[in-house]
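Presented below is the structure to which this report refers.
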Amino acid sequence: MQTDGRNRQQLAELHFHLGQAVDPHILWSIAHEQGIRLPTKDYWEFHDLLTLRKEAEVTWEDYHKLFHWTELIQSSPVAIERSVYEVLNGAYRVNNITLLEISFNPMFRNRSGERDLDQIILAALRGLERGLAEFPMVRAGIIFLLDRRLSFDQNEIIVKKARKFRDRGVVGIDIAGPISNGFRYEDYAGLYVGRATKASRRRCTPARTARRKKWPMSFLSCRWTASTTAFAPIPLPSSCRPFARSSSRSACARPQT
């Protein structure tokens, strides 16, 4: 049963995955609007398909399998716009969350190139702007996720898109996804430095910073600096570091909307 957040303390939900934040009934509605063939015609079976239960033993593989259906359902401009909007307004109404970072991988929302990547991104930003217009007390931004399963060239495109839309609400980049053979964080240090900060020629070297400060090499999360032209590395909160070797830090929390 949902409750309202009027009498609750203001909360922040930093860096949560859009693929795990939209309620099943909303995804169910979007899927039918889009004409997506689901594995079941029973809503509650669909609900259970997308839900990790506390009493069950869950592996990281189980966790990432959930994203197959959520990413597929969100893979259109109409779907991604509604998903972003519903998460923002639900987080505020139910839990009084007034600071949000919504993260997703745009390449996992364009059906392997069938949809134009810029159209997916612009739709997500429209959903963000719509939510912020309705709830002006909320501050929110979008983080683009690179993925360990994608090629370097594909991840490079995502970084370029983050730069392109940084004045529209994209506040940072991060690396997510299950462990993949052949993926090395060190390979991406130059991408963060060379592409993310090319406009200002300012340097951001998260790999070197992480080694110096003895942070886990798996976070590599960067947000725009105050100048909005360069990335700055953000370390994992101590409570989330045990998850760092297997997944991105969004596994630490999820808004209940």
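Looking at GLU114, GLU134 in this structure, which one is in contact (Cβ under 8 Å) with a residue 40 or more places away in the chain and either of a type in the set (Asp, Glu) or over 21 Å from TYR63 (Cα atoms) (or both)? Explain how you work it out, then say what you get.
On the way: GLU114 fails: in contact (Cβ under 8 Å) with a residue 40 or more places away in the chain.
Criteria check complete, one pass: GLU134.
Exactly one condition in (1) surrounded by fewer than 13 Cβ atoms within 10 Å (Cβ to Cβ); (2) over 27 Å from ILE158 (Cα atoms) is false for SER112; which is it?
With (1) surrounded by fewer than 13 Cβ atoms within 10 Å (Cβ to Cβ); (2) over 27 Å from ILE158 (Cα atoms) applied to SER112, the lone miss is (2).
Return yes or no: is SER112 part of a loop (DSSP other than H, G, I, E, B) and at pLDDT below 95?
So SER112 fits the description; yes.
Is region 91-103 home to any residue that is of a type in the set (Phe, Trp, Tyr) and out of contact with any Phe, Trp or Tyr (no Cβ under 9 Å at 6 or more places or on another chain)?
no
For every residue, the table says whether it meets (1) at pLDDT below 90; (2) of a type outside the set (D, E, K, R); (3) in contact with a Ser or Thr (Cβ under 8 Å, 6 or more places away or on another chain).
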{"site": "MET137", "(1), (2), (3)": "no, yes, yes"}
{"site": "ALA140", "(1), (2), (3)": "no, yes, no"}
{"site": "VAL159", "(1), (2), (3)": "no, yes, no"}
{"site": "ARG163", "(1), (2), (3)": "yes, no, no"}
{"site": "VAL171", "(1), (2), (3)": "yes, yes, no"}
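Restricting attention to region 48-98, which residues are basic (Lys, Arg) and more than 27 Å from ARG130 (Cα to Cα)?
If the condition is that a residue be basic (Lys, Arg) and more than 27 Å from ARG130 (Cα to Cα), then ARG53, LYS54, LYS65 are the ones that fit.
As an exercise: evaluate ILE143 against (1) within 16 Å of the chain's Cα centre (by Cα); (2) over 30 Å from GLN9 (Cα atoms) and give the number of the one condition it does not meet.
For ILE143, the failing item is (2).
Only residues that are hydrophobic (A, V, I, L, M, F, W, C) and outside any helix (DSSP H, G or I): list them for region 150-183, please.
Selection gives LEU150, PHE165, VAL170, VAL171, ILE173, ILE175, ALA176, ILE179, PHE183.
Here is a check on your reading of the model: is LEU132 closer than 19 Å to ARG168 by Cα and touching a Gly at 6+ places or on another chain (Cβ under 6 Å)?
Values: closer than 19 Å to ARG168 by Cα: yes; touching a Gly at 6+ places or on another chain (Cβ under 6 Å): no.
No; evaluated as a whole, the condition is false for this residue.
Show me the helices (runs of 4 or more DSSP H) entirely contained within region 12-100 in which 3 or more residues are without any contact (Cβ under 8 Å) to a residue 12 or more places away in the chain and not small (Gly, Ala, Ser).
The helices (runs of 4 or more DSSP H) meeting that bar are 43-49.
Given (1) closer than 21 Å to PRO136 by Cα; (2) buried (at least 20 other Cβ atoms within 10 Å of the Cβ); (3) aliphatic (A, V, I, L, M), identify the lone condition not met by LEU99.
Of (1) closer than 21 Å to PRO136 by Cα; (2) buried (at least 20 other Cβ atoms within 10 Å of the Cβ); (3) aliphatic (A, V, I, L, M), only one is false for LEU99: (2).
The values are calculated or read from the model by the stated rules, or taken from the named source; none is laboratory data. Since this is a predicted model, take the numbers as computed values, not measurements. Neighbour counts are summed over all protein chains in view; Cβ atoms, including those assigned to glycine, are modelled from backbone coordinates with ideal geometry.
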